[in-house]
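What follows is a single structure, written as structure tokens, with notes after it.
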Amino acid sequence: MRERKRQFADSEKELRSAVVMRRLEAEPHFAAAQTVLFYWAMADEVQTQAAVQKASEHKTVLLPCVDGDDLRLRQYTGTSSMAVGEQFGIGEPVGDEFTDLEKIDVVVVPGVAFDRDYNRMGRGRGYYDRLLRRMPHAFTIGVAYGFQMVDHVPTDDHDIALNLVISD
């Protein structure tokens with residue numbers, strides 16, 4: 001999958017990401033959501049930064065912050081409130097931790113690969129599986145480039161399947 005991602009120029013990934021984000025915005029659960037947990041994309045992931053900024057104009061948008069083996073959530077209030085995270089160099093909001101997980105309506109989830117049963121393969125650290133286990137009420141949406149869709153993703157008992165995957 002890493003090799004496939006390298007085959008696309010950044011401009012191509014940006015175009016494909018824009019298609020995915022338009023489809024995400026049109027998805028009924030996302031459109032109706034008041035509080036959304038997004039992610040701030042790494043260079044090889046579906047790019048979310050513009051969609052995060054747009055959604056934050058009318059929704060409460062949260063972003064994960066890596067803290068050891070866990071993800072802490074903080075509200076996104078604009079790029080000026082972002083700092084570079086220590087572990088992965090990903091943008092993370094500063095401020096108080098958001099702990100009212102029951103208020104999160106939708107979680108937008110990155111991944112390395114996804115299958116037709118909405119299983120996902122992450123980067124192997126289990127961050128999202130541990131987090132999603134704590135919010136079974138939230139509607140979970142994986143976002144992917146089309147080439148990240150595979151026939152089967154191997155799963156273990158601790159893996160959490162998503163409700164939906166949107167690709168370009």
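If the condition is being out of contact with any Leu (no Cβ under 9 Å at 6 or more places or on another chain), of a type in the set (Gly, Ala, Ser) and under 23 Å from Phe147 (Cβ atoms), then the range 32-63 contributes Ala41, Ala43, Ala50. Gln34 satisfies every condition listed in (1) surrounded by fewer than 11 Cβ atoms within 10 Å (Cβ to Cβ); (2) in contact (Cβ under 8 Å) with a residue 60 or more places away in the chain; (3) not hydroxyl-bearing (Ser, Thr, Tyr) except (1). Only one entry in Ala55, Ala113, Ala43 is loosely packed, with under 15 Cβ neighbours inside 10 Å and within 14 Å of the chain's Cα centre (by Cα), namely Ala43. Picking from residues in the range 19-31 that are assigned to a helix (DSSP H, G or I), of a type outside the set (Val, Ile, Thr) and touching a residue at least 24 places away in the same chain (Cβ under 8 Å), the one that is nearest to Gly142 (Cα to Cα) is Leu24. For Ala83, the conditions (1) within 29 Å of Phe8 (Cα to Cα); (2) in contact (Cβ under 8 Å) with a residue 12 or more places away in the chain; (3) of a type in the set (A, V, I, L, M); (4) surrounded by fewer than 19 Cβ atoms within 10 Å (Cβ to Cβ) are fulfilled apart from (2). Does the range 137-147 contain at least one residue that is more than 12 Å from the chain's Cα centre (by Cα) and farther than 23 Å from Ala50 by Cα? Among the residues of the range 137-147, at least one is more than 12 Å from the chain's Cα centre (by Cα) and farther than 23 Å from Ala50 by Cα, which makes the answer yes. Within the range 150-168, being in a strand (DSSP E or B) and either among the charged types (D, E, K, R) or crowded, with 19+ Cβ neighbours inside 10 Å (or both) holds for Val165, Ile166. Of all residue pairs spaced 6 or more apart or on separate chains, those with beta-carbon atoms under 7 Å, a first member in the range 147-168 that is more than 28 Å from Glu25 (Cβ to Cβ) and among the polar types (S, T, N, Q) and a second member that is part of a loop (DSSP other than H, G, I, E, B) and at pLDDT 95 or above are Thr155/Asn119.
Determine whether the range 48-61 contains at least one residue that is part of a strand (DSSP E or B), modelled with pLDDT of 95 or more and closer than 25 Å to Arg125 by Cβ. Yes, the conditions are met somewhere in the range 48-61. Selection of the range 120-149 for residues being surrounded by 15 or more Cβ atoms within 10 Å (Cβ to Cβ), closer than 14 Å to Met1 by Cβ and either basic (Lys, Arg) or out of contact with any Pro (no Cβ under 9 Å at 6 or more places or on another chain) (or both) yields Arg120, Tyr145, Phe147, Gln148, Met149. Scanning the range 45-69 for residues that are closer than 30 Å to Gln7 by Cα and among the acidic types (Asp, Glu) yields a single hit, Glu45. So, in the range 59-80, how many residues would count as being closer than 18 Å to Phe30 by Cβ and exposed (fewer than 13 other Cβ atoms within 10 Å of the Cβ)? Number satisfying all stated conditions: 0. Pairs meeting the criteria (first residue in the range 119-133 and hydrophobic (A, V, I, L, M, F, W, C), second residue part of a loop (DSSP other than H, G, I, E, B) and modelled with pLDDT of 90 or more, beta carbons under 7 Å, at least 6 apart or on different chains) are Met121/Gly111; Met121/Val112; Met121/Val153; Leu132/Ile160.
The values are calculated or read from the model by the stated rules, or taken from the named source; none is laboratory data. Predicted model, so just to flag it, every value in this text is computed and none were measured. All Cβ positions, even for glycine, are placed from backbone atoms using ideal geometry, and neighbour counts span all protein chains on display.
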